[in-house]
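These notes concern the structure reproduced below.
The values are calculated or read from the model by the stated rules, or taken from the named source; none is laboratory data. On a predicted model such as this, the values are computed, not experimentally measured, just so you know. Cβ: placed from backbone, ideal geometry, glycine included. Neighbour counts: every protein chain shown. Each accessible area value is taken on the protein alone, full model and side chains, heavy atoms only, with ligands, DNA and RNA left out. Shrake-Rupley method; radii C 1.70, N 1.55, O 1.52, S 1.80 Å.
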Amino acid sequence: MLCFDSEKMNWYYHVLARRPYLVVISIAVYCVACIIVALILNDLPDFSDPTLGFESRGTAIGKRLTSWHNLEQECDGNGALFSNPSDLLQKMQLQHRQHPNHKRHKKQQRRKKNKKRKEHNNGNKKNQHDDMANKMMVLNKRLKATKRPTSSENKWLDGQIRDYEITNDSNSSNNGASTIEYGHNTTFVDEDEHRERMQSKSSRWRMLKQATLPNDLGWPEAKAAKESIEGFFCDSSPHKRYAHFVVQRIGPNATDSLFDLNGMLAMCQLQEQISSVKSYQAFCEREGSEAEVTSNCCRPWSLPNYATLLANKSSCFDLNTEDVALLQTLLINCFEYYHDLKIDMNCNTLNRCYAPEECTRHADIVFSVLNFLTDYGFIKPNDTNVYLKYAMIFVPIARSNRILTLFHEWEHVDLSNELVEVIGMDLGLENELFSELLLTDVWLVSLGGLFVLACVWLYTGSAFITVMSCLAICFSLGLAYFVYTLVFEFSFFPYMNLLAVVVIIGIGADDVFLFLKIWQCVLAERFSKSSTLNTQSTLPTPLEHNEHTETLENLMALTMRHAAASMFVTSVTTAGAFFASYSSSIIAIKCFGIFAGTVVVTNYLLMITWLPASVSIMERLFASRMSCQQHLLQKLINACKKSINRFCELFEERITHSIMNYAFLWLIIFAILGTGSAIIVFWYPGLQLPEKPHFQLFVSHHPFEIYSKLRHLFWFEKTLQAVENFNMSMRFVWGVEAMDDGDYTNPNSHGNLHYDNNFNISSKESQIWLRNFCQNVRQQPFYQATFGFLLPNCFIENFIRFMERRCIDDMDSTHTNSTPCCAAEFPYEPHIFELCLPQCISNLWETRFYQQSKAGPRFAAAPSRTDLGYLESSSNESLSMESTSMQLLVKALIIEFDSNISYSTIYSNMKVFYESVESWFQQQLSTAPQELRGGWFISDYESIMFFSVQDTLSNDTIVAIILAMAASLVVLLCFTLNLIISIYAVITVSLTIFNTVAVLILLGWQLNILESIAVSTAIGLAVDFSLHYGIHYRLAPSKERVAATQFVLSRIIGPTVMAAATTGFAGGIMMASNILPYIQIGVFLVVVMVTSWLYATFFLMSMLKVAGPQYGFMQLGWPKLRKRRTAKANKFYERKPSQIIASEQLLTPTSSAIVEMANSETHELESLNSNSQIKTISGTESGHTLPALPVDFEHSFQTVH
């Protein structure tokens, strides 16, 4: 069995037995050096974005997504492709000014060097903005023409947030133009000044409320109304850039509406609790201007404050029933105008509102309350009844990752009272909090590791072995990180890789238990034989047969031949299951598979080098500290260990008895469970794919996760999500190959953009086909007609209309002749097409009806063949015929249409849409000219990316399972060389996987990124116990079925129980974490450990007991090595007890325990059949019981402390 049975390995056993210190020191120095090098040469992993790497690469859709990303990057204004030919020509002019190409201009360029440098710098500054920025500037200029002027005396009313990083919000632009400072704390407030300010505000609102406004509300009056709102709040309306909380009602009247007096007063008290924490003053936005900042924080935007504002009161605690009814009446009367988009926050300032006077007067109140502070079911059309289930409170604190300390303070404060409580919040620091918890919750992993070490210490009785086992696990992680980063050169380290720490703790403990169990059995057999010799003869046998002397080297060889083989098989299958995850196209799963598999391999290498040397040191170290006296503490520890051993022996005897007597019953029970689990997995309810693109990071009851579930209930989140009434787009791309030559293990590596060299749209065949293609798209059932000026969607149609114009326009005062780009017949000659197309697109960009789109041709500069003066003649904004000649080429083409398929996160719906459009497009490409057959289809980037992840998970998970199961079967067959045992083990592992996945499905799991990793990990962990049983059944000295089953149960139940218990308990500790990945991996470890141990112990061993192979049935062999291996096996198993002499004393606490096993009713050395025959590791049988050892024999194995 493996090379450890070979005589060539005797040198290695000699080194382990004679030079253990050298082995341990060498390995320690090597591991520490590798860890230091890996940490120095690589940056520490960054977990600031936990969802980084949750994308598919290398698939057909993944390649298209990467190519689309590279195409957009190339068209951002800094690349080589441009949508507007005028922008490209301007860039070419600047480049030629910087790098002149003609000799006749060199002297002139030297004379004007300084002048050209200034022009070049100005040109660079001008071209720093992309096309979108330029269009926004034009729009801003247009708006300024109608915007109300701002007076200098009212600057203190506005506010602007500075020096804060806003996260998770793309729409974080500030509407104001003022300045608000943070962190300005004062300990003294002038009460008279505050009273004057409040009285001024109250009088202003009283006058405003009593004032009579004309029917046609002018802009000055609207400005005064807006300023009055800003006088009460720092900003006239809440915004998503501020932190906000979701509030619901609790208590005995939890089903009542929040919109009543009690609810208002409770929310008023709740917002006081929110603002009363210590750090609130340091982060809040303050009242006043930049020159005069007060110590008062701005008021929160909440229903009680808006009711207070409307009632012209100073505090929300002064509200009464009439005030609440007044606000309710206003909202009910104005709701239909808000619902019909006739009222917004800029009513009668930028836009004119068409609503009654009372609605326009209080438009900011109506819009803010209905859009931001109440759920969408608060008021229903044509219904006077109101019911508010959820309300929102906005606080004047920016959503930022810098308010993490403030969040921790809110965590320790009970944000609730008798009637309301905060259930969700959006603070913009989800990723920051996750990164913090990912590191702070490591103490749970450490606690699980301490429990495993405690179990190792109780099982082995040696603190030295426990410490060395801990170091072995740590070194395996360090070596794996070294190989992962420097050997495999992986630059991306996802947080999923940290889950391998939890897994390797269990695997390492399993190997330690197995090795020490076999070591104990070898020692027990040695002492039993030595005891037999001592009782049969008073004088020791002369050392005339020195080659049979039982030494430490011989014991190490016997242990390694059994333990190394079993650990190798389990390590290969477990690592193979992890490495099979590399077949996945998702980056995070791919990286986890490589790292976890590497950890398993490094752990095995340390278990066959570091651990045996540590055991050898333990034997030598403690043998020199023998004493015949025992301390009281040592006696208590020994008594405790005896009690634990007696309980374990009783437990193993019961399990063995139940399997040997009720094997058929266990087979029926577990077969029924496996069949039911298969139905759950493959039929109903099945392993569902995720239906939300949001990846859950925290537990379901976390306020961040609750907010993500409730956010769609508020109107302001609905507009930002744009999920409803959103149809999938259809984008057809030519000129760019769907290729991804980036690093598939690095989400930041997207490779290069590759052009299609055959692409050409100037030929007549291509022109005709493109026109027909646009017409065919409109006839398809998935096409959605879109109204409006969509000029770039299908450029060929607009180009045809452009070419139909008259050559000389009578309306043009210059009477410019547009020949040949006029009065032409379609299709056009290639040179005319290439000449006129840039002019057409440039003219479209100058029209006011043009809407910037992702569709249209993309232009690039042709090889430079013109002089500088030739380019300078095209400095005008509109392109002329001469300026475009042989300068611009169409390198890419995008045709875009809308579909009638609404966006959905359901995989089946998106699959139907994608496959239907893809199949139709491929049919169209089959009729296309050769230069257009390289096109491909893609839809919206974000939506199609989520579909790609779903599609990859559904396919790659099955592939990983098949590969892992096939690897397990091949490995087991190669090492047992028995087809029956291999098939039984694979059936057991399959049923284990079915049961594990079924339990996870019933717990509500969906096949997401982490769940896919869990399934792959389940295969690696579930196969271990089955392999242990199968390997030792094959190594059993007896060829009879029942005796072999008894041998396996006596040897393996103990290590497997300890491994399952320690790993499962470590997983149970992880369930106390606050982040979902740790919790899920903890639940998974508990489920897979329990399930795999039960099936391996009761189902597999029952099958082997009932129908296991015996007397070499279905036993295969290696023809060339058969005789030599048989001879060595006989030498390994057949040793004469009369020739064995204890020439070395192996005296450790472990040895002492083994002596007691040999002298008592230890189950490994006792008979489990009716004839009471002893099955030892040497295969000898004895019909008598072990004789008692000498009285002073046990005392010689004690240690001095």
Matching option when the condition is within 23 Å of the chain's Cα centre (by Cα), at pLDDT below 95, of a type in the set (A, V, I, L, M) and farther than 18 Å from LYS278 by Cα, among LEU439, LEU447 | LEU439
State yes or no: is ALA639 of a type outside the set (D, E, K, R) and modelled with pLDDT of 80 or more?
-> no
Picked from segment 740-773 (must be open to solvent by 50 Å² or more (accessible area, probe 1.4 Å) and within 22 Å of the chain's Cα centre (by Cα)), the residue farthest from LEU925 (Cα to Cα) is ASN748
Looking across segment 527-537 at residues that are of a type outside the set (Ser, Thr, Tyr) and surrounded by 23 or more Cβ atoms within 10 Å (Cβ to Cβ), the single one that is modelled with the highest pLDDT is PHE527
Of (1) closer than 19 Å to LEU611 by Cβ; (2) in a loop (DSSP other than H, G, I, E, B); (3) hydroxyl-bearing (Ser, Thr, Tyr), TYR12 satisfies all except one. Which?
-> (2)
Out of the residues in segment 677-700 that are of a type outside the set (Gly, Ala, Ser) and at pLDDT 90 or above, state the one that is surrounded by the fewest Cβ atoms within 10 Å (Cβ to Cβ).
-> ILE679
Top-ranked residue in segment 21-54 [being over 18 Å from THR609 (Cα atoms) and outside any loop (DSSP other than H, G, I, E, B); ranked as least open to solvent (accessible area, probe 1.4 Å)] = ALA38
Among (1) polar (S, T, N, Q); (2) part of a strand (DSSP E or B); (3) open to solvent by 20 Å² or more (accessible area, probe 1.4 Å), SER729 falls short only on (3)
Whichever residue in segment 714-726 is open to solvent by less than 30 Å² (accessible area, probe 1.4 Å) and among the hydrophobic types (A, V, I, L, M, F, W, C) and, among such residues, is modelled with the highest pLDDT = PHE714
Kindly list the number of the only condition in (1) modelled with pLDDT under 85; (2) surrounded by fewer than 24 Cβ atoms within 10 Å (Cβ to Cβ) that fails for PRO1109.
-> (1)
Contact list, first residue from segment 1064-1079 and more than 14 Å from VAL503 (Cβ to Cβ), second anywhere and hydroxyl-bearing (Ser, Thr, Tyr) and in a helix (DSSP H, G or I), beta-carbon distance below 7 Å, six or more apart or interchain, is none
Segment 873-925, residues that are among the basic types (Lys, Arg) and at pLDDT below 85 = none
Of (1) surrounded by fewer than 20 Cβ atoms within 10 Å (Cβ to Cβ); (2) in contact (Cβ under 8 Å) with a residue 24 or more places away in the chain; (3) charged (D, E, K, R), ARG57 satisfies every one except (1)
Just for segment 239-263: of the residues that are part of a helix (DSSP H, G or I) and open to solvent by 10 Å² or more (accessible area, probe 1.4 Å), which one is nearest to ASP344 (Cα to Cα)?
-> LEU261
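Which ones in segment 268-281 are assigned to a helix (DSSP H, G or I), open to solvent by less than 40 Å² (accessible area, probe 1.4 Å) and out of contact with any Ser or Thr (no Cβ under 6 Å at 6 or more places or on another chain)?
CYS268, LEU270, GLN273, ILE274, TYR280 - these are the residues of segment 268-281 that are assigned to a helix (DSSP H, G or I), open to solvent by less than 40 Å² (accessible area, probe 1.4 Å) and out of contact with any Ser or Thr (no Cβ under 6 Å at 6 or more places or on another chain).
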Applying the selection to segment 1010-1058, what residues are of a type outside the set (Ser, Thr, Tyr) and not in a helix (DSSP H, G or I)?
-> ALA1036, PRO1037, LYS1039, GLU1040
Evaluate the following for ASP323: is it open to solvent by 10 Å² or more (accessible area, probe 1.4 Å), under 42 Å from the mean Cα position of the chain (by Cα) and farther than 17 Å from GLN271 by Cα?
-> no
With the condition kept exactly as written, say whether any residue in segment 361-372 is touching a helix residue (DSSP H, G or I) at 6+ places or on another chain (Cβ under 8 Å) and surrounded by fewer than 20 Cβ atoms within 10 Å (Cβ to Cβ).
-> no
Residue that is modelled with the lowest pLDDT [pool: residues in segment 546-572 that are assigned to a helix (DSSP H, G or I) and open to solvent by 20 Å² or more (accessible area, probe 1.4 Å)] | HIS548
Lone unmet requirement of (1) modelled with pLDDT under 85; (2) small (Gly, Ala, Ser); (3) out of contact with any Leu (no Cβ under 8 Å at 6 or more places or on another chain); (4) within 30 Å of ILE40 (Cα to Cα) for GLY508 = (1)
Just to be sure, is LEU419 more than 21 Å from PHE716 (Cβ to Cβ), surrounded by 20 or more Cβ atoms within 10 Å (Cβ to Cβ) and in contact (Cβ under 8 Å) with a residue 40 or more places away in the chain?
-> yes
Mind checking which residues of segment 912-932 are in contact with a helix residue (DSSP H, G or I) (Cβ under 7 Å, 6 or more places away or on another chain) and under 16 Å from ALA60 (Cβ atoms)?
-> TYR914
